[in-house]
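For reference, the structure discussed in these notes is given below.
Every read-out reported here was derived from the displayed coordinates using simple, explicitly stated rules and does not represent laboratory data. Predicted model, so just to flag it, every value in this text is computed and none were measured. Here Cβ is always computed from backbone atoms with ideal geometry, including for glycine, and neighbour counts include all displayed protein chains.
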Amino acid sequence: MPWTREQMAARAAREVKDGFYVNLGIGIPTQVANVLPPGMQVTLQSENGMLGMGPFPYPEDIDPDLINAGKQTITELAHSSYFSSADSFGMIRGGHIDLTILGSLQVAENGDLANWMVPGKMIKGMGGAMDLVAGVQRVVVLMEHVEKSGAPKFKRRCTLPLTGAAVVDLLITDLAVFGIERGGGATLLEMAPGTSLDEIRAKTEASFR
Amino acid sequence: MPRKIFPNAAAALDGLLFDGMTVMAGGFGLCGIPEDLILALRDSGVEDLTVIGNNVGCDQHGLWHVLANHQIRKVILSYAGDNKLLEQSFLTGEIEIEFNPQGTLAERIRAGGAGILAFYTRTGYGTVIAEGKETKQFGGKGCVLETALTADVSLVKAWKGDSEGNLIYRKTARNFNPMMATAGAVTVAEVELLVDVGDLHPDHIHTPGIFVDRIFRGVRHEKHIERRATRERAPSSDASGAGG
């Protein structure tokens with residue numbers, strides 16, 4: 001049984017430690033905020049200029065001057081702060097953010113990450129993804145193990161243009177969890193229940209221990 | 001009327017605009033964009049513009065109006081999504097797009113206003129962003145040389161401003177505005193509340209007035225929301241978790 005998206009988010013939540021400053025990407029990573037253990041003190045950063053991101057507002061509390069990096073309306077908390085995009089990326093590049101959890105199109109066994117463009121399709125732009133993987137202390141990727149076609153997404157080398165070279169520390173898919181030594185190799189750490197090593201080998205292009 | 005104060009956006013831009021110029025405009029998505037100034041820029045009809053901003057509006061909003069009026073030749077941004085017209089204009093070759101990592105874009109503008117002509121960053125090393133740029137190793141870490149950005153005119157949006165041009169921004173509407181205010185040869189600020197000197201506490205000012213040449217009180221403040229996300233009121237709702 002492959003892990004569900006919720007289970008993948010819950011697995012990623014285990015990488016969050018008390019006191020961490022965390023930046024969550026759009027998509028499944030956003031769900032990690034909903035499954036953090038109660039009582040854990042975690043501060044979420046939004047790269048458009050906020051620390052201490054609160055939940056979505058009640059309808060009557062919507063404020064157009066208060067959005068997250070996905071352009072969704074949000075709220076502030078008692079400990080929140082606001083700052084410019086330059087200060088925000090100073091935090092990110094400067095190594096002050098402990099952890100980022102991102103989605104991806106491909107990951108390579110040496111930690112290369114490709115998640116911002118597919119040649120031939122419209123390029124939307126990288127937004128803050130390149131800065132996040134370049135500067136955040138620990139980079140965790142959440143993605144499906146294979147494409148809809150069945151093609152592996154965990155590869156020897158990424159075939160798509162890179163977001164960052166040798167930047168991924170942990171890869172969580174619906175089938176397995178891999179630790180990655182940046183610039184080195186990958187190690188299989190966990191398998192989804194009912195998944196065999198043979199199945200993972202068949203669906204993975206990357207080499208791993 | 002104090003020397004920096006203008007009655008409206010059109011008056012504040014009078015004499016500043018010319019074909020082929022470079023314009024910076026603040027905002028992240030539609031949050032914190034100078035709405036009146038953007039429409040005045042469109043109404044001016046100046047063409048062949050290079051526009052620097054994190055985005056170029058979204059469908060029917062913000063800089064989309066200037067794009068739809070075929071006034072833009074090139075955009076320098078980090079994210080071009082949520083804008084079908086920009087996509088079409090790019091595919092037909094009408095518009096050139098220069099993609100920047102968001103933090104690199106922010107820092108290039110900050111550098112432009114701070115007299116730093118170029119800087120090395122780890123962001124983008126080993127990617128297409130580094131192609132054609134100098135790279136260098138510092139402490140064993142590969143870095144890319146990025147150059148500063150400045151503009152002929154910077155268009156910024158603030159919450160409060162005074163007649164000296166001192167500015168205070170509100171919540172996440174701050175984003176790119178403070179750096180852009182420093183990087184324009186001329187900076188024009190659109191504010192929601194225009195107050196007398198002395199009404200803003202000197203310790204609370206985000207952008208000192210030296211960076212602002214012209215200021216006016218905007219009237220539009222449409223503040224269109226791109227993605228309206230809300231939660232339900234539940235009897236035992238957990239408001240402590242972080243969302244979104």
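Among DSSP beta bridges lying fully in chain B, give the percent that are antiparallel, nearest 5.
Details: 13 of 42 bridges.
The antiparallel proportion sits near 30 percent.
Can you tell me what share of the DSSP beta bridges in the protein assembly as shown is antiparallel? A percent to the nearest 5 is fine.
Numbers: 31 of 77 bridges.
Percent antiparallel among DSSP bridges in the protein assembly as shown is about 40.
Compute the relative contact order of the range A:5-202 as a whole-number percentage, counting only Cα pairs closer than 8 Å that sit 6 or more residues apart in sequence. Could the numbers behind the result be given before it?
Working: 406 pairs, mean separation 36.7, N = 198.
So the answer I get is 19 percent.
Rounded, prolate or oblate, given the Cα gyration tensor of chain A, with a/c below 1.5 counting as rounded? If you can, show how the numbers build up before the last one.
Values: a/c = 1.85, a/b = 1.57, b/c = 1.18.
Prolate is the answer for chain A, as a/c is 1.5 or above and a/b outweighs b/c.
Can you tell me the relative contact order of chain B? Whole percent, Cα pairs under 8 Å, sequence separation 6 or more.
Details: 528 pairs, mean separation 54.1, N = 244.
So the answer I get is 22 percent.
Given springs between every Cα pair under 10 Å in a Gaussian network model of chain B, which of B:Phe138, B:Phe216, B:Phe99 has the largest fluctuation?
Highest fluctuation of the listed residues: B:Phe138.
Roughly how crowded by other chains is peptide B:73-79, in terms of the mean Cβ count from those chains within 10 Å of each of its Cβ atoms?
On the way: counts 0, 0, 0, 0, 2, 9, 9.
That average works out to 3.
Average partner chain C-beta neighbours within 10 Å, per residue of B:223-232?
What the average comes to for B:223-232 is 6.
Label B:Asp19 and B:His221 with points 7 Å out from Cα along Cα→Cβ: what is the distance between them in nm?
Modelled inter-label distance: 3.8 nm.
Around B:Met179, under 11 Å between beta carbons, what's the net of Lys plus Arg minus Asp minus Glu among the other residues? Don't jump to the answer; show the numbers that get you there.
On the way: positive: B:Arg108, B:Arg110, B:Arg174; negative: A:Asp87, B:Glu107.
Taking every Cβ under 11 Å from that of B:Met179, the sum is +1.
Using a 10 Å cut-off around each Cβ, can you sort A:Leu51, A:Leu77 from fewest to most neighbouring Cβ atoms? Write out the running numbers ahead of the final one.
Values: A:Leu51 22, A:Leu77 18.
Ranking A:Leu51, A:Leu77 by Cβ neighbours within 10 Å, fewest first, gives A:Leu77, A:Leu51.
Using a Cα-Cα cut-off of under 23 Å, which lysines could be cross-linked to B:Lys84, ignoring same-chain neighbours fewer than 8 residues away?
Result set, ordered by chain and number: A:Lys71, A:Lys121, A:Lys124, B:Lys74, B:Lys223.
Mind running the shape call on the protein assembly as shown? Use the C-alpha gyration tensor, a ≥ b ≥ c as the square roots of the eigenvalues: rounded below 1.5 for a/c, prolate if a/b tops b/c, oblate otherwise.
Values: a/c = 2.04, a/b = 1.59, b/c = 1.28.
Since a/c reaches 1.5 and a/b is larger than b/c, the shape of the protein assembly as shown is classed as prolate.
Where a ≥ b ≥ c are the square roots of the eigenvalues of the C-alpha gyration tensor, would you call chain B rounded, which needs a/c under 1.5, or, failing that, prolate if a/b is larger than b/c, or oblate? Could the numbers behind the result be given before it?
Details: a/c = 1.29, a/b = 1.14, b/c = 1.13.
Since a/c stays below 1.5, the shape of chain B is classed as rounded.
What residue among B:Val153, B:Val219, B:Val66 has the largest mean-square fluctuation in a Gaussian network model of chain B, using Cα springs under 10 Å?
Result: B:Val219 has the largest fluctuation of those listed.
Just to confirm a number: summing +1 for Lys and Arg and -1 for Asp and Glu over residues other than B:Val219 whose beta-carbon lies under 15 angstrom from that of B:Val219, what do you get? Show your work: numbers first, answer last.
Numbers: positive: B:Lys157, B:Arg217, B:Arg220, B:Lys223; negative: B:Glu35, B:Asp36, B:Asp43, B:Glu190, B:Glu192, B:Glu222.
Residues close to B:Val219 contribute a combined charge of -2.
Go through B:Ala118, B:Ala185, B:Ile38 and say which Cα lies farthest out towards the positive end of the charge dipole of chain B; charges sit on Cβ, +1 for Lys and Arg, -1 for Asp and Glu.
After comparing all options, I get B:Ala118.
Hey, for a label at B:Arg73 modelled as a point 7 Å past Cα toward Cβ, could you say which residues of the range B:31-57 have their backbone N under 11 Å away?
Taking a point 7 Å out along Cα→Cβ of B:Arg73, the residues of the range B:31-57 whose backbone N falls under 11 Å are B:47-51.
Note down the nm distance, to one decimal, between modelled labels 7 Å out along Cα→Cβ at A:Thr187 and at B:Glu131.
Here the modelled spin labels are 3.6 nm apart.
Given B:Pro101, B:Leu67, A:Val118, which one lies farthest toward the positive end of the charge dipole of the protein assembly as shown, if we put +1 on the Cβ of every Lys and Arg and -1 on the Cβ of every Asp and Glu?
Farthest along the dipole direction, towards plus: A:Val118.
Among DSSP beta bridges whose residues both lie in the range A:5-202, state the antiparallel percentage, nearest 5. Could you put the intermediate results ahead of the total?
Details: 18 of 33 bridges.
Among the beta bridges of the range A:5-202, antiparallel pairing accounts for roughly 55 percent.
Place a +1 charge on the Cβ of each Lys and Arg in the range A:5-202 and a -1 charge on the Cβ of each Asp and Glu, then give the dipole magnitude about the Cα centre in debye, rounded to the nearest 20.
On the way: 16 positive and 22 negative charges, 150 e Å.
Rounded to the nearest 20 debye, it is 720 debye.
Taking only Cα atoms and a 10 Å spring cutoff, compute GNM fluctuations for chain A and point out the largest among A:Arg14, A:Arg182, A:Arg93.
A:Arg14
What is the sum of charges, Lys and Arg at +1 and Asp and Glu at -1, for the other residues whose Cβ falls under 14 Å from the Cβ of A:Ala9? Mind showing how you got there, number by number?
Values: positive: A:Arg5, A:Arg11, A:Arg14; negative: A:Glu6, A:Glu15, A:Glu144, A:Asp174.
Counting the neighbours of A:Ala9, the net charge comes to -1.
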